[in-house]
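S.K.: Input: one structure, supplied below.
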Amino acid sequence: MSSVKFIHAADLHLDSPYSGLKDLPPTIVKQLRESPFKAFQKIINEAIFHQVDFIVISGDLFDGENRSLRTQVRFRTEMEKLRQNQIPAYIIHGNHDHLSGTWITVAPPDNVHVFSGQTEMKLFERADGTSVSLYGFSYPRRHVKERMIETYVKTEGADYHIGLLHGNLEGNADHSPYAPFSLKELADRDFDYWALGHIHKHQIVSEDPLVIYPGNIQGRSRKETGEKGCLLIELNGDTRRHTFIGTSEVIWDRETIKVTAGGEFDAIFKRCKALIEQKWLDGRNHLLEIQLDAGGYATEITEYLEDLTRILQDEVHGESFVWVYKIKLIEDMHMIRSSETSPFMAEISQLASEFEDMEAALAPLYHHPIARRFLDSMEPKEQKALLNEAESWLLNVFEANK
C-alpha cells in the first residue's frame, strides 16, 4: 500500500461581502473583494506545488445559494489549472451553497466530482493501483438537521477511506446544529480521515481517528480573527500527517492596550502607532480592532476616541495596510454596575440580564431584502457579546451626560 497526499479545504465563501467596516479607501475595498479569490488561488497553487493526488472541499464554496456567473467562472478557471496538472477535485455543497438554490449553471471541467444530495461514494484510483474511497453528500436544502452521519457506510476494497462532512460536532452549542454527529459515530465508521466543514475556526477534533476542521480560507468579519487556511494531509498505511497552510490575504486582528496613567491622547496615540508598526512589518494586510483597557479613564478617552480612530486611518499608505477599523473601550462592568445610583441605570442592567428574545429583535434586519445579504445568523456567544456591548454603551453614554 503506497501513500496518498491531498489538500483539504472548506468554507471558501467566494464573493462573500465583508461586514462591520465603513469609510474604507477604494484601494483597500478592492483588495478585500479580491481576498477570498486570492486565498483560493493559493490553495490551488499549493496543490500543484506539492503534487497532491487530489483535493477535497467540504462545503460552502459559494457564499449564497444564488451564486453569480462571475464567481462560478473564476472557480472553474482554478479547477482547469488542476485538470492541467491531472489533479481531481472532490466537492460537497453545504448550507450556504445548497443544491436547491437557483442559478445559471457553469459546468465544471471533468476532473471535478460533485457529490449529490444523497450520501454516496466516489472512487479515486491512481495509475499505480492505489485506491481511495471518498464518501459524502451535498446539502439538498439550506437546513439539514438530520443525523446524516448514519448514512455513511464503509465499502470494503479501497486502500483508504475518507469522509467529507459539512456539519456540527455534537455538544458545540456555538454553531448551528446542521448534520450533527458525535466523535464516536465518526470513529465507528473506521475511516482513515474525516474532512469536515462548517466551523470557520481551524480545529483538530481528534488524532485517532484523524478528524479536522480546516476552518475557512479567509476571515470575513471581526469574529474570524487570525490566520486562515487549508490542510495538507498525508496518509501512509497507519501513519497520518497533517500540515496547516495559511492562505489569508487579509488578517482580522484584535489587540489590547492597557491604559496605565491619565488617559492622555499623546501617550495612547504613540502606543497605537507602535502596535500598527509591529503589524505592518510582517508585510501582510491587517484589519485591526484596538481594545483600550481604560480603567478609570473612560470618560477622558471617550472625548477623543473617534478622532483617534480617524487619525490612525489617515496614516494608512502603501501596498500592504493595517487598517484600524475600530477602537473599543473595555471597562469592568461589575465596577460600573456596583457604582450605580440611578434607578434608570439599574433598570438597564436588569433588562440586559433578563433579555432573551434576540432573534425577534434582529428579525427586521434578517428579513430586509438588502440587509440580509450581508448578515450571517448569530451564534449564542455572539448574541451575548452584542448584548454586553450594547449595555456598556448605554451605561457609558448615561455616565458621560449626567
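Rundown of residues vs (1) assigned by TED's automatic domain parsing to the domain that holds His200; (2) touching a Lys or Arg at 6+ places or on another chain (Cβ under 8 Å); (3) modelled with pLDDT of 95 or more; (4) not acidic (Asp, Glu), yes/no style:
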{"position": "Pro108", "(1), (2), (3), (4)": "yes, yes, yes, yes"}
{"position": "Ser116", "(1), (2), (3), (4)": "yes, no, yes, yes"}
{"position": "Glu120", "(1), (2), (3), (4)": "yes, no, yes, no"}
{"position": "His143", "(1), (2), (3), (4)": "yes, no, no, yes"}
{"position": "Glu150", "(1), (2), (3), (4)": "yes, no, yes, no"}
{"position": "Asn168", "(1), (2), (3), (4)": "yes, no, yes, yes"}
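S.K.: I've got another one for you. Tell me which of these Ile55 doesn't satisfy, since it passes every other one: (1) part of a loop (DSSP other than H, G, I, E, B); (2) closer than 21 Å to Asp110 by Cβ.
M.R.: Only one criterion in (1) part of a loop (DSSP other than H, G, I, E, B); (2) closer than 21 Å to Asp110 by Cβ is unmet by Ile55, namely (1).
S.K.: Does the range 227-244 contain any residue that is more than 30 Å from Leu305 (Cα to Cα), in contact with a strand residue (DSSP E or B) (Cβ under 6 Å, 6 or more places away or on another chain), at pLDDT 95 or above and not in a strand (DSSP E or B)?
M.R.: Scanning the range 227-244 turns up no residue that is more than 30 Å from Leu305 (Cα to Cα), in contact with a strand residue (DSSP E or B) (Cβ under 6 Å, 6 or more places away or on another chain), at pLDDT 95 or above and not in a strand (DSSP E or B).
S.K.: Tell me yes or no: at least one residue of the range 124-135 is closer than 23 Å to Asn216 by Cβ, within 26 Å of the chain's Cα centre (by Cα) and modelled with pLDDT of 95 or more. Steps first, answer last, please.
M.R.: So in the range 124-135, the residues closer than 23 Å to Asn216 by Cβ come out as 134-135.
Then drop every residue that is not within 26 Å of the chain's Cα centre (by Cα), which leaves 134-135.
Next, from what is left, pick out any that are modelled with pLDDT of 95 or more: 134-135.
Yes - at least one qualifying residue is present in the range 124-135.
S.K.: I've got another one for you. Residues that are crowded, with 16+ Cβ neighbours inside 10 Å and modelled with pLDDT of 90 or more, at least 1 per element: which helices (runs of 4 or more DSSP H) completely within the range 276-380 meet that? Break it down stepwise before answering.
M.R.: Details: elements: 298-302, 305-314, 333-338, 343-354, 358-367.
Per the criteria, 298-302, 305-314.
S.K.: Being surrounded by fewer than 19 Cβ atoms within 10 Å (Cβ to Cβ) and touching a residue at least 24 places away in the same chain (Cβ under 8 Å) is the filter here; which residues of the range 265-275 pass it?
M.R.: Phe265, Phe269, Lys273
S.K.: Taking only the range 83-113 into account, find how many residues are buried (at least 17 other Cβ atoms within 10 Å of the Cβ) and within 16 Å of Leu14 (Cβ to Cβ).
M.R.: Looking only at that region, the number is 11.
S.K.: Still on this model: Among the residues of the range 1-40, write down those that are buried (at least 19 other Cβ atoms within 10 Å of the Cβ), part of a loop (DSSP other than H, G, I, E, B) and on the phi < 0 side of the Ramachandran plot.
M.R.: Result: Ala10, Leu12, Ser16, Tyr18.
The values are calculated or read from the model by the stated rules, or taken from the named source; none is laboratory data. Everything quoted here is computed from the prediction, not taken from an experiment. For neighbour counting, all protein chains shown are included, and Cβ atoms are generated from backbone atoms with ideal geometry for every residue, glycine included.
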